[in-house]
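The values are calculated or read from the model by the stated rules, or taken from the named source; none is laboratory data. This one's a predicted model, so the numbers in the text were calculated from it and none came from an experiment. Glycine gets a Cβ as well: all are built from the backbone with ideal geometry, and neighbour counts include every protein chain shown.
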Amino acid sequence: MVQPQMVHTGTLPRRRRWSAFLAGCAGLLALLLLWSGAETIGEHVESDALEAAQQRADAIAEVASQFAQRALAAARDAQALAGHWASHRAPEEAAIRAEVATLLADHIAQSGGAIARVAIADAAGTVIWSSAAREGSVADKPWFRAHTASAGPARVNPTIGTAPADAALPGWTIPVSARIEAPGGGFGGVVVVALDIGGLEQALAGLAHRPGEVAAILRQEGDLLVRSAGTARLVGQALVTERARAALLNGETTPFRSHSPLTGEEVMISLRTVPGGTMLALGSAPLGPDLAYAKRVHAWARVAALVAWGALVLLLLAGFAVLRGRNDRRELAAQQAGRAEIERLLAGLPAIVFLREVGPDGTARHLYRNGDSAAVSGWPEEALPRRQPWADLADPEADFEGIYQRALVEGQAVMDWRMRQPDGGWAWMRSTLRLLERLPDGRGLVVGYIVNITAERAAEARALAASRLASLGEMGAGLAHELRQPLTAISLAAGVAVMAAKRGDNDRVLQRLDRILDQVKRGSAIIDYLRRFARGREDSEGLVPVNLADAVNGALTLCGGALAEAGAEVLVTLGPPAPVVLGHAVPIEQVLLNLLFNARDAVAALPPGAPRQIAITTAVEDGIARLTVADTGGGIPPAVLSRVFEPFVTTKGPDRGAGLGLSICHGLMRSMGGGIVAENAGAGARFTLSLAIAPDGAADGAADGAADGVTEDAATPGAPG
Ligand code: ADP
């Protein structure tokens with residue numbers, strides 16, 4: 001069985017396209033949302049890292065600043081004590097001086113290594129007292145010269161102190177100096193406290209204890225005094241840019257991102273001025289690890305967003321697939337239900353519908369069959385072969401291959417054929433085929449149906465019989481005339497024979513008896529024609545050779561009298577030799593009778609004196625014999641000319657014509673594979689019958705000129721309709 005193709009209405013794909021579009025939009029939106037979420041998380045983590053570094057740098061700077069202040073405070077305390085010592089320089093005050101010196105030594109010890117030493121120099125710069133017991137002059141020190149130049153309070157002078165050549169870093173100091181007033185006023189000397197860089201470095205290292213963190217104290221100019229690590233390498237180096245320093249002097253103390261001038265690593269730096277000193281405190285926290293971590297989190301958030309999105313898309317696709325599958329199943333179920341309904345309707349149809357694949361040689365392959373085959377064929381379903389055409393039940397004359405070939409070539413074909421019935425009788429079937437599709441390999445899909453036309457055929461036969469009887473009725477008067485002639489001749493001959501017998505003239509008696517016999521034969525022939533005509537023909541008879549001369553004679557025998565009564569002159573030219581065609585004698589005679597009666601009606605209606613002629617001629621061309629019946633009766637009214645072969649077309653009024661004659665003629669000619677054409681030519685109507693010449697039927701005669709008119713089914717040799 002051939003599956004019908006799925007029919008799409010167009011709405012479904014449109015709906016699907018819309019859903020796909022919406023799903024695409026939703027997917028994009030979801031991607032956007034997830035991505036922006038990942039970005040927010042990344043930025044958040046990054047700003048957290050920056051903030052934490054900022055806070056850390058701030059805290060370190062703050063603590064470093066406090067530490068520097070404490071160191072300065074310790075230095076000032078030491079300066080105060082040293083000042084005290086310097087003010088008791090008289091020899092009797094040696095005890096006080098020794099006490100102050102002890103206090104100073106204690107103070108230095110308690111500074112936790114921040115104070116390296118304390119020294120007092122006189123106005124000439126000569127060291128007059130030192131906690132480190134070092135003698136010498138400080139007159140060339142820049143801070144000393146600064147004090148001699150201007151009167152002023154103690155000042156931090158963060159210049160790096162010079163160390164002995166062999167000293168390591170601990171020998172480096174930051175001198176914090178203060179001016180001593182002379183007893184009589186004026187410059188009396190300098191007290192200097194040397195802050196120990198090594199000790200400061202250790203203390204600062206305690207402030208910046210996480211890896212990468214730096215605490216430092218710088219000169220106001222930006223160069224390094226001490227740092228939580230590596231001071232030895234870096235001391236004196238400018239570690240703060242001019243820009244940062246300027247910003248700081250403007251009061252802007254916000255931490256800023258920068259790159260470490262030492263490692264190139266990204267760092268957060270916080271700077272502040274140490275109150276009461278000319279120093280800066282610096283805190284630096286590394287950004288690298290935290291930022292790298294933030295970047296990793298950012299990247300992972302993006303990956304997570306993509307993964308979540310992918311999962312979402314997969315979920316959506318799966319959902320779509322499930323929905324689509326459900327829809328498809330529903331659609332399929334609906335289609336199956338529809339198909340089942342169609343099959344059910346077809347099964348109840350009083351026709352057999354089928355689909356076959358037909359080869360160029362007419363062989364057909366069964367593809368599909370449905371319909372009420374029992375009702376059509378007269379056989380129970382189980383008695384019928386499922387797939388094959390019912391060739392074994394068909395009349396052997398039925399040419400199935402021929403009809404399939406015709407359908408393949410011409411696109412359609414119809415064939416009436418007989419099928420054997422369970423009771424041994426025959427039923428008539430009509431197969432109608434149409435080419436559905438031509439396949440590339442030369443074969444074709446042919447769809448068709450078979451209907452039972454037995455009843456139709458019977459009705460046709462009854463109509464034919466009725467028409468024949470009607471013709472007989474019309475012949476009545478003519479036949480009487482026709483029979484009267486031989487009877488009169490017989491009667492005359494019998495009278496003459498009696499008289500001759502009485503005279504003993506045997507020869508004359510025999511002569512008259514012969515004539516009587518001739519006339520009896522003629523009468524019998526008329527009666528034979530009548531009987532044969534009234535009986536009709538058997539359907540089962542195949543086409544047989546029919547001599548057209550016999551057919552014309554037969555018809556004229558039956559209607560010659562009627563034509564003579566109407567005053568019609570009949571001219572017959574049939575050859576020689578008269579063509580022999582393939583057909584049936586009685587139907588041909590019936591057609592001729594109809595045409596002759598119509599011609600008689602036409603000429604009978606002519607005004608007196610008009611020529612009343614009926615000419616019967618034949619011609620043979622290309623294996624087809626054409627027989628024309630032309631009259632001088634004025635022709636077929638134009639209004640009916642195009643429809644004369646349709647049933648119930650008449651111009652004669654209800655009591656005279658039923659309008660069936662020509663339609664029956666048409667049917668009879670078709671049933672013999674021939675045709676009939678009506679036209680107006682000359683002074684009247686002209687009907688041309690065409691039939692195939694029987695093998696060896698007749699030599700080709702003169703070609704008959706074709707005239708304009710209605711053409712109905714040109715004859716096709718040997719092909720039953
Ligand atoms: P009916 O003779 O019963 O009318 P037909 O089918 O034989 O039915 O003819 C149909 C019509 O064709 C006629 O009524 C007539 O008008 C027209 N016709 C047929 N033959 C002729 C003819 N030889 N001359 C003129 N008209 C004709």
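Answer yes or no as to whether Leu593 is under 25 Å from Ser663 (Cβ atoms), within 16 Å of the ligand (Cβ to nearest atom) and in contact with a Ser or Thr (Cβ under 6 Å, 6 or more places away or on another chain). Considered against the rule, which asks whether it is under 25 Å from Ser663 (Cβ atoms), within 16 Å of the ligand (Cβ to nearest atom) and in contact with a Ser or Thr (Cβ under 6 Å, 6 or more places away or on another chain), Leu593 comes out as yes. Scanning the stretch 644-691 for residues that are closer than 24 Å to Ile624 by Cα and among the polar types (S, T, N, Q) yields Ser663, Ser671, Asn680, Thr688, Ser690. Asn680 meets each of the listed conditions (1) near the ligand (Cβ under 9 Å from one of its atoms); (2) crowded, with 21+ Cβ neighbours inside 10 Å; (3) in a strand (DSSP E or B) apart from (2).
Yes/no per residue for (1) under 60 Å from the mean Cα position of the chain (by Cα); (2) modelled with pLDDT under 80; (3) more than 15 Å from Thr273 (Cα to Cα):
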site	(1), (2), (3)
Val191	no, no, yes
Leu195	no, no, yes
Gln202	no, no, yes
Pro211	no, no, yes
Ala216	no, no, no
Arg219	no, no, no
Ala229	no, no, yes
Gly236	no, yes, yes
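Within the stretch 369-391, not a single residue is of a type in the set (D, E, K, R), closer than 30 Å to Ser663 by Cα and at pLDDT below 90. Each residue in the stretch 431-462 was checked for being in a helix (DSSP H, G or I) and touching a residue at least 40 places away in the same chain (Cβ under 8 Å), and 3 pass. Taking the stated definitions as given, is Arg339 over 21 Å from Glu437 (Cα atoms), among the basic types (Lys, Arg) and in contact with a helix residue (DSSP H, G or I) (Cβ under 9 Å, 6 or more places away or on another chain)? Considered against the rule, which asks whether it is over 21 Å from Glu437 (Cα atoms), among the basic types (Lys, Arg) and in contact with a helix residue (DSSP H, G or I) (Cβ under 9 Å, 6 or more places away or on another chain), Arg339 comes out as no. Of the numbered criteria (1) surrounded by 14 or more Cβ atoms within 10 Å (Cβ to Cβ); (2) among the small types (Gly, Ala, Ser); (3) in contact (Cβ under 8 Å) with a residue 12 or more places away in the chain, the one Gly236 fails is (1). Only a single criterion out of (1) part of a loop (DSSP other than H, G, I, E, B); (2) closer than 30 Å to Glu456 by Cα; (3) of a type outside the set (Ser, Thr, Tyr); (4) more than 15 Å from the ligand (Cβ to nearest atom) is not satisfied by Pro608, namely (2). Cβ separations smaller than 7 Å between residues 6+ apart or across chains give the following pairs from the stretch 625-642 residues that are charged (D, E, K, R) to residues that are near the ligand (Cβ under 10 Å from one of its atoms): Asp631/Ala599; Asp631/Ala602; Asp631/Val603; Asp631/Ile614; Asp631/Gly684; Asp631/Ala685.
Applying the set (1) exposed (fewer than 12 other Cβ atoms within 10 Å of the Cβ); (2) at pLDDT 90 or above; (3) more than 21 Å from Tyr449 (Cβ to Cβ) to Leu345 leaves exactly one unmet item: (3). When you scan the stretch 197-227, how many residues do you find that are surrounded by fewer than 18 Cβ atoms within 10 Å (Cβ to Cβ) and under 15 Å from Leu239 (Cβ atoms)? Total satisfying the criteria: 3. For the stretch 111-134, residues that are surrounded by fewer than 18 Cβ atoms within 10 Å (Cβ to Cβ), modelled with pLDDT of 85 or more and not in a loop (DSSP other than H, G, I, E, B) total 1. Under the condition of being at pLDDT below 50 and either farther than 20 Å from Ala114 by Cβ or not in a loop (DSSP other than H, G, I, E, B) (or both), the residues counted in the stretch 165-187 number 4. Return the residue satisfying two criteria in turn: it lies in the stretch 643-665 and is at pLDDT below 85 and of a type in the set (Val, Ile, Thr), and of such residues it is farthest from the ligand (Cβ to nearest atom). Once the filter is applied, the top-ranked residue is Ile664. The condition of being modelled with pLDDT of 80 or more, loosely packed, with under 14 Cβ neighbours inside 10 Å and not in a helix (DSSP H, G or I) holds for only one of Asp106, Asp140, that being Asp140. Remark: pairs (first residue in the stretch 593-615, within 13 Å of Gly560 (Cα to Cα); second residue more than 9 Å from the ligand (Cβ to nearest atom) and basic (Lys, Arg); Cβ separation under 9 Å; 6+ apart in sequence or on different chains) = Leu593/Arg468; Arg600/Arg612. On the given criteria, is Arg468 over 58 Å from the mean Cα position of the chain (by Cα), crowded, with 17+ Cβ neighbours inside 10 Å, modelled with pLDDT under 85 and of a type outside the set (Asp, Glu)? Considered against the rule, which asks whether it is over 58 Å from the mean Cα position of the chain (by Cα), crowded, with 17+ Cβ neighbours inside 10 Å, modelled with pLDDT under 85 and of a type outside the set (Asp, Glu), Arg468 comes out as yes. Of all residues in the stretch 368-415, those satisfying the criterion of being small (Gly, Ala, Ser) and in a loop (DSSP other than H, G, I, E, B) are Gly378, Ala398, Gly411. For Arg670, are the conditions met, namely being over 56 Å from the mean Cα position of the chain (by Cα), more than 9 Å from the ligand (Cβ to nearest atom) and outside any loop (DSSP other than H, G, I, E, B)? For Arg670, the condition - over 56 Å from the mean Cα position of the chain (by Cα), more than 9 Å from the ligand (Cβ to nearest atom) and outside any loop (DSSP other than H, G, I, E, B) - is not met. Any residue at all in the stretch 573-585 that is loosely packed, with under 15 Cβ neighbours inside 10 Å and modelled with pLDDT of 90 or more? Yes - at least one qualifying residue is present in the stretch 573-585.
Screening the candidates Leu312, Leu317, Leu323, Leu262 for the property of being in contact with a helix residue (DSSP H, G or I) (Cβ under 8 Å, 6 or more places away or on another chain) and at pLDDT 85 or above yields one hit, Leu312.
The number of residues in the stretch 662-686 being basic (Lys, Arg) and under 19 Å from Trp428 (Cβ atoms) comes to 1.
Among residues of the stretch 612-642 being part of a loop (DSSP other than H, G, I, E, B) and more than 9 Å from the ligand (Cβ to nearest atom), the one that is surrounded by the fewest Cβ atoms within 10 Å (Cβ to Cβ) is Asp622.
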